[in-house]
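The values are calculated or read from the model by the stated rules, or taken from the named source; none is laboratory data. These figures come from a predicted structure and were not determined experimentally. Cβ placement follows ideal geometry from the backbone for every residue including glycine, while neighbour counts extend to all protein chains displayed.
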Amino acid sequence: MLSEEGSSLLFSFSPRTPCGCGKLARIAGAMALGVSARGSVLRHPFPWFISPWFSSCLRRAVSRIPSSSRVSQGPDVRGVEGSKHMWLVATCRVRCKRLLCSTWIQFKGGKTNFSHSDSHPKIGSSVEPISQESAHPSRYVSPPRQEGRIESHSTKPDKSLTHVQEPCDPTLAERNAVPGQAAGSNGMSINGQDTGISSDTIPPVEGLHKVVDQKQLARVYDKVIVVDNVSTAKQVARLLMTKYKNFIHACDTEVAKIDVMSETPVGHGELICFSIYSGPLADFGNGKSCIWVDVLDGGRNVLKEFVPFFEDSSIKKVVWHNYSFDSHVLGNYGIKLSGFHADTMHLARLFDSSRRANGGYSLEALTNDRKIMSSNDELKMGKITMKSIFGKRKLKKDGSEGKLITLAPVDVLQREERISWICYSALDSISTFKLFDNLKAKLELEPWTLDDIMRGTMYDFYEEYWRPFCVLLVQMESEGMLVDRSYLSEIEKLAITEKQIASDKFRKWASKYCPDAKYMNVGSDAQIRQLFFGDTLRRNNTNKCENDRNKCLSKPKSFKVPNIENVIENGRKSPSKYHTIVLNKICEELQTDMYTDSGLPSVSGVALKVFAGKVSNNQNFLIDNASYHSGSDEEVNNDHDSTKEMAEMSHVLTHDEDTSDYGTAYKAFGDGKEGSVACQAIAALCDVCTIDSLISNFILPLQGNDISGVHGRVHCSLNLNTETGRLSARRPNLQNQPALEKDRYKIRQAFIAGPGNSLIVADYGQLGLRILAHLANCKSMLEAFRAGGDFHSRAAMNMYAHVREAVEKQSVLLEWHPQPGEDKPPVPLLKDAFGSERRKAKMLNFSIAYGKTPVGLSRDWKVSVKEAKDTVSLWYKERQEVLFWQEERKKEALESKCVRTLLGRSRHFPLVETASNAQRRHIERAAINTPVQGSAADVAMCAMLEIDRNIRLKELGWKLLLQVHDEVILEGPTESAELAKAIVVDCMSKPFYGMNFLKVDLVVDAKCAQNWYAASVLPGGDW
């Protein structure tokens, strides 16, 4: 029936109405022909079992209507954006939970939009939703951008991999035409036959930042040939290997059953499809230039046809975004990738290393950045996230939509959302190809200078250094390192025991001031903050705190904690699961200048160490039970004999002791015994934090299967993702291991060589300082390095007149080289006699090299800023060249908005002009730090490439496994370990193609052993 406005036609269909498919198709066709060009609307409520069937019939009927008939009341506007000629026909999709639902289809210029009733039309459209709100969107439309976190079952870097979906229609789930079949159809080809369905009927996709209309998405599908059988695979692979062998091919994989946040791709994940885009000039049939290969349903035989393409080293035209991940995934199927050409993620980092805080390096962020992508792109569309296409809000119990966005497993998605999935997947490789083109063009415009000599462009730099380095990193990840799980199991038990002891020590000390502290959770920041600062208001609420300071800082607070000790509370007959405790502030004088981002006093490990000071770990356990009678005498005597500990504590506290190592808690708790024990108790709490971090970040993960492959080797991810160019590691983050001398559980000892093999660990000595001496051309530093010996002792001698005088009088020795029969030096060594001065010199050497200021040094030394400035001035007195070089780097950063490393890489500072004073100081420190740290990264990279190129090492069977900071680790046969070690030292000391163009020698120390710890060089005075 026609509405009063004459613009809406309502069609009602009862479930009881006998209507066959053919009849319904004729009705649908008539409906489509009779709809007004102004935008007539047709509605129909159907039950769930009829709706999909009717929808399919309706789409087939509409697709058979000639375009001329559909636009009989106006011109053909297929290529015109914003046309007012539109037809609205309603169809519905209902799930079992709902009886009725309405969905509308919008025909616009010969194209069709399938949308849920509560979805908004394309931006600029005057059409409003016409049906009642439904809880379930149509399978053909993405919801508008949804804020909130994603609930997913499997993921992939820069790709969302999960989605819940209903089965798609069979007619839309078949493959495209294959090469050699007749072309000329404007519709989609299913199994080689024209279905008459135009690709323009692909549903619209709404991106995160913009609405991607149906025409753009249709263009993606128009480029794609679907390969899901062996015969098609053979034809397409043959073209890749012959006609298009010299083309640039961008590739991308989609993987299911893997959580990339915790699992390594080595030995994990299931490849379900991949796409290859060979550029607009390639034609794999019917003008299609992008290949989409279905591995999930096509099977391994389809994948096998592409193995020669992936393994052919003569095809050096393969581009990836995050090559490492895709390489490992294909490697799981026995495919050894060869012919690597570029990783667009690395190209982007080389072009601009400052994007981490400005969009990042995901494919979506890069390809939707107009500063990177050209404006003449035909598709005018970058990568679209899966969240924006397939994400759906999870329903709450009351049926309303929640904030949680759900995505189903990708294998389900690939089968049930096939058309949209193919478009999403293929768009990844297309976007990678376009991104490569744009980044290459930009890098080719940037000059590359090395040692003040023009060497070409920055793309030439990439080809010479980063391309082979990327391949090497992937090889190292694949090799992995063998771990001793039995050793890890033993240190886990020890760590848990020591954590419990340290926790108990802190609780018993705190319970002296707050009785309920003996039940507290020492891992709770809120409870620790309550103990030290009370119920503190946030820092920005200063007025209220000043007006009512005592109330703000001393208010007790209650917490619920697990009732481990089965405490029976008042009014109860039996212990409950949780126990309520009340904590109050235990010290009024304890202050801090560290706050969280939300304005609360910080209780991080760094903040706690300021309270505790540099208290020895051994002293932590001198806090005996007898010192604090927080409970009954029976409780005090239960643990272990306290008499001996009491005597030890008494000795420590009564003898003249150096209080300079104590932190701020010493005075806050009243000096003397109380202050000393407070520092030791807080140091025990620091131990709890340290031990807990080691357990959760290393000891437990290294025993799991998530980061290990089938052979029990740990495969961590090595990434070029720092602004200085230093490598970082994930799963696990081996860069964050404690320093060798502070490795309390010797975690490095768990990394072992395989049977019959040994490890070589080679480390640079004072690499950063040597690079600084070269860059600044500092005469004093160059002479000290050429003289050799203890560099930090020499620095102390040059800084302090009384130290120099002692050396000149030979009352102390700068260094000592023992002769046969000599057990000790004739006079004390400088590092022993003037240990404090040498420590300050050592700290200054590294701190100044990396841009640390006197303010930061004053905190480290616990002295005034003036005293720190005076000490810094002493350091610069003999090193004026360094001061001049640093000022030049600051000036360069402010004027050129970038600084460069030894090999010519740049770090940009785009926010210089708008930076605040604090941000400007940060930029100045980074301008000093980057050339030193970045150049050290350049040297380490060149050394690794030199080792990898060494033919002799390959013949001996030695392979690189890992690089952490300035040390590299190799594994190979024990019988050739000493020979290999000499070769490694030579490669690292002359890393630039067998040369060293620096003004100083590169000193390398190396050692062979069966595990990483034993092979490491313990840092001494000059390391």
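Values as computed for the structure displayed
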read-out	value
Yes/no for K512 being in a helix (DSSP H, G or I) and not assigned by TED's automatic domain parsing to the domain that holds L759	no
Condition check for L945: part of a strand (DSSP E or B), under 25 Å from A729 (Cα atoms) and modelled with pLDDT of 95 or more	no
Within the range 514-533, tally of residues that are surrounded by fewer than 17 Cβ atoms within 10 Å (Cβ to Cβ) and either more than 18 Å from N566 (Cα to Cα) or at pLDDT 95 or above (or both)	4
Residue ID - surrounded by the fewest Cβ atoms within 10 Å (Cβ to Cβ), chosen from residues in the range 570-599 that are among the aliphatic types (A, V, I, L, M) and farther than 17 Å from M520 by Cα	M594
Single match in V932, V1000 (criterion: over 22 Å from V474 (Cβ atoms), touching a helix residue (DSSP H, G or I) at 6+ places or on another chain (Cβ under 6 Å) and either free of Cβ contacts under 8 Å to residues at least 24 places away in the same chain or part of a loop (DSSP other than H, G, I, E, B) (or both))	V1000
Top-ranked residue in the range 910-928 [being among the small types (G, A, S) and assigned to a helix (DSSP H, G or I); ranked as modelled with the lowest pLDDT]	A918
Top-ranked residue of the range 715-735 - restricted to ones that are in contact with a Ser or Thr (Cβ under 7 Å, 6 or more places away or on another chain) and assigned to a loop (DSSP other than H, G, I, E, B), ranked as nearest to V932 (Cα to Cα)	T724
Residue that is surrounded by the fewest Cβ atoms within 10 Å (Cβ to Cβ) [pool: residues in the range 872-899 that are part of a loop (DSSP other than H, G, I, E, B) and of a type in the set (K, R)]	K897
Helices (runs of 4 or more DSSP H) contained entirely in the range 771-857, each with at least 1 residues that are hydroxyl-bearing (S, T, Y) and either over 21 Å from A936 (Cα atoms) or over 44 Å from the mean Cα position of the chain (by Cα) (or both)	791-799, 835-849
Cross-chain or 6+ apart pairs with Cβ under 6 Å, the range 955-983 first and free of Cβ contacts under 8 Å to residues at least 60 places away in the same chain and at positive phi, then small (G, A, S) and outside any helix (DSSP H, G or I)	G957/G972
Answer from V329, V319 - the residue that is more than 16 Å from E477 (Cα to Cα) and either surrounded by 24 or more Cβ atoms within 10 Å (Cβ to Cβ) or among the aliphatic types (A, V, I, L, M) (or both)	V319
Members of the range 237-268 found to be within 20 Å of the chain's Cα centre (by Cα) and within 18 Å of V302 (Cβ to Cβ), listed by number	D252, T253, E254, V255, A256
Count - residues of the range 965-997 that are assigned to a loop (DSSP other than H, G, I, E, B) and within 23 Å of N1011 (Cβ to Cβ)	2
Pick from the range 215-252, criterion basic (K, R) and part of a helix (DSSP H, G or I), ranking: farthest from L271 (Cα to Cα)	K215
Enumeration of residues in the range 766-819 that are basic (K, R) and more than 25 Å from F997 (Cβ to Cβ)	R804, K809
Among (1) touching a Leu at 6+ places or on another chain (Cβ under 9 Å); (2) closer than 30 Å to R726 by Cβ, the one test that V812 misses	(2)
Among the residues listed as R907, R804, the single one being of a type in the set (K, R), over 30 Å from L720 (Cα atoms) and modelled with pLDDT of 90 or more	R804
Strands (runs of 3 or more DSSP E) wholly inside the range 338-422 that include at least 1 residues being within 30 Å of Q475 (Cβ to Cβ)	340-343
Long-range neighbours under 7 Å by Cβ, at least six apart or interchain, first residue over 10 Å from A348 (Cα atoms) within the range 359-372, second surrounded by fewer than 19 Cβ atoms within 10 Å (Cβ to Cβ) and of a type in the set (D, E, K, R)	G359/D369
Residue in the range 303-316 that is within 25 Å of the chain's Cα centre (by Cα), at pLDDT 95 or above, of a type in the set (F, W, Y) and part of a helix (DSSP H, G or I) present	no
A940 vs. criteria under 31 Å from the mean Cα position of the chain (by Cα), of a type in the set (A, V, I, L, M, F, W, C), at pLDDT 95 or above and in a helix (DSSP H, G or I)	yes
Verdict on E741 being within 29 Å of the chain's Cα centre (by Cα) and part of a helix (DSSP H, G or I)	yes
Some residue of the range 900-909 being polar (S, T, N, Q), out of contact with any Leu (no Cβ under 7 Å at 6 or more places or on another chain) and part of a strand (DSSP E or B)	yes
